[in-house]
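We did not get these values from a lab; they are worked out from the coordinates using the rules stated. Quantities reported herein were computed from a predicted structural model and do not represent experimental measurements. FYI the Cβ positions are ideal-geometry reconstructions off the backbone, even for glycines, and counts take in every protein chain you see.
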Amino acid sequence: MRWIWIDRFVEFHPGAKAVAIKNVSLAEEHLHDHWEPFPIMPVSLMIEGMAQTAGILVGQARDFKEKVILAKIAKAEINDIVTPGDQLTYQAEIVTIAPEAAVTHGTVLKNGTCIGVIDLMFSHIDQNLAGAKFPQENFVFTGQFTRLIAPFLEGGDG
Amino acid sequence: MPMTEMDVFAKVKETLVEALSVDDEEIKSDATLMGDLGAESIDFLDIVFRLEKAFNIKIPRGELFPDNILNNPQFVQNGKLTVVGLAQLKERMPHADFSLFEQDPDISKMAELFKVQTIVNYVLNKVNNG
């Protein structure tokens, strides 16, 4: 299994907003452990899905030159369960972007209905105040992430 | 009309409640951000971003929470700020109360400079004097 928790972008407005969807399937291994008699999508993985949606938005805003790392979950409230067959939509907006970090606001929808909010903060780790050094290559944005937004950046409207 | 200290405190309180997920009553003037309110390094940046929005001000990096002090050997020796280091920090943080810290400028106690009142003083000056 690949560590990718969104299936497709449906909107991508560089530097401003991105919307991605995730179809939850009973074929996914983790659902059988969480829980066998009543499989539900873990909220932690919804946070990861939002982090990938918002993180790619933040990374693209600086042309993928920065290494964007999830630094803080400022708020995560999910008010409904999500089960196999449901479609999740992650809507992410950039609230603040600065040389050293970015803040995003996100809403989560289940089959088109809002079920929660996930607000995140990302660090551009090469700009960290402690002066720590990281490998030169951008290990955050590998091919699988950049391929997801390629249709939007090449075609203009997806 | 200039903002009063009470106005600023109320908004700073709101900002800290959101940024640090703490209760209203925990936000007191002399509460320290790290010791009492549990702030971590990334929270300082979050607080700066939120203050900029709440008060519609621009906070240059290092102005509210100075950087490049602790990693300068001229400013820190044997775990304490040197005379030059202390003078530098006081100059860069006119909004902080140094009365206790300067008696023993051990860097492990530096967190005590970062209190709720430190932020209130900074913002009050920023909104009223630019």
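Structure notes:
- For A:ILE78, neighbours were defined as the other residues whose beta-carbon sits under 15 Å from its Cβ, and their charges (Lys and Arg +1, Asp and Glu -1) total -2.
- With N the number of residues in the protein assembly as shown, Rg(Cα) / (2.2 N^0.38 Å) evaluates to 1.16.
- Max mean-square fluctuation residue, GNM over chain A, Cα-Cα springs under 10 Å, options A:LYS22, A:LYS133, A:LYS65: A:LYS133
- Modelled this way, with points 7 Å down the Cα-to-C-beta line, the labels at B:ALA111 and B:ASN72 are 2.4 nm from one another.
- Of the residues A:HIS13, A:HIS34, A:HIS124, the one that moves most in a GNM of chain A with alpha-carbon contacts below 10 Å is A:HIS34.
- Sum of -39500 (n - 2.57) over DSSP H runs of 4+, divided by residues of chain A (222 nm, nearest 500): -6500 deg cm²/dmol
- Note on chain B: the C-alpha convex hull projects to 7.8 nm² when averaged across all orientations.
- Sorted largest first, extent of region B:66-113 alpha carbons per principal axis (Å): 24, 18, 17
- Restraint check, A:LYS17/B:LYS115; A:LYS72/A:LYS133; A:LYS72/B:LYS115; A:LYS75/A:LYS110; A:LYS67/B:LYS13; A:LYS72/B:LYS58, Cα-Cα greater than 28 Å: A:LYS17/B:LYS115; A:LYS67/B:LYS13
- Stokes-Einstein D in µm²/s, Kirkwood radius over Cα pairs - chain A at 4 °C with 1.567 mPa s viscosity: 80
- Net +/- balance of residues flanking B:GLU52 in space, Cβ distance below 13 Å, scoring K and R +1, D and E -1: +4
- Set the Cα radius of gyration of region A:1-93 against 2.2 N^0.38 Å, with N its number of residues, and you get 1.14.
- Highest-fluctuation residue, B:PRO105, B:PRO94, B:PRO60 considered, GNM on chain B with Cα pairs under 10 Å: B:PRO60
- Here the spin labels are modelled as points 7 Å beyond Cα on the Cα-Cβ line, and at B:GLU18 and A:HIS30 they lie 2.9 nm apart.
- Size of electric dipole in region A:8-145: Cβ of Lys, Arg +1 and of Asp, Glu -1, about Cα centre, debye, nearest 20: 380
- Cross-link partners of B:LYS90 among aspartates and glutamates (Cα-Cα below 20 Å; sequence separation of 8 or more within a chain): B:ASP30, B:GLU63, B:ASP67, B:GLU102, B:ASP104, B:ASP106, B:GLU112
- Residues A:ARG62, B:ARG92, sorted so that the one with the fewest Cβ neighbours within 10 Å comes first: A:ARG62, B:ARG92
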